[in-house]
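Some notes on the structure that comes next.
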Amino acid sequence: MVTVVDADGAHVAQRSFLLVAQAPGALLRCITALRRPIRASIRDAAAIEVVPGPGRFSRVRLGVVTANALAWAFGTQLSVRGHRVRIAIPEYGAEPHIGGVDNDRTE
């Protein structure tokens with residue numbers, strides 16, 4: 001879910017989207033679709049708020065990486081749960097399950 005919040009903290013627009021492997025760029029398309037009706041640019045953002053998890057590995061990673069990159073590229077404040085941070089760190093709900101491969105490489 002992507003939410004546009006004004007300087008006073010009021011929600012201006014909100015949109016949910018599905019993240020599937022066949023839809024690369026879904027998050028950025030969602031951001032673009034949200035800003036059009038309110039005639040805002042991502043460059044106008046006073047801050048970018050990200051929820052770093054917990055959640056599914058790929059979804060959390062995509063959201064956190066995108067927020068970090070946008071905040072860095074535009075020199076915008078980044079915050080996690082209302083606290084200003086320099087970089088957001090993802091919080092995964094569990095270890096990733098990648099194709100049934102045994103991820104324990106300690107042996």
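The values are calculated or read from the model by the stated rules, or taken from the named source; none is laboratory data. What you see is a predicted model; the values in this text were computed from it and never measured. Positions of Cβ are generated from backbone atoms using ideal geometry, with glycine treated the same way; all protein chains shown enter the neighbour counts.
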Count of residues meeting criterion [at pLDDT 85 or above, in contact with a helix residue (DSSP H, G or I) (Cβ under 7 Å, 6 or more places away or on another chain) and charged (D, E, K, R)] in segment 40-90:
0
Within segment 64-84, work out how many residues are free of Cβ contacts under 8 Å to residues at least 12 places away in the same chain and surrounded by 16 or more Cβ atoms within 10 Å (Cβ to Cβ).
0
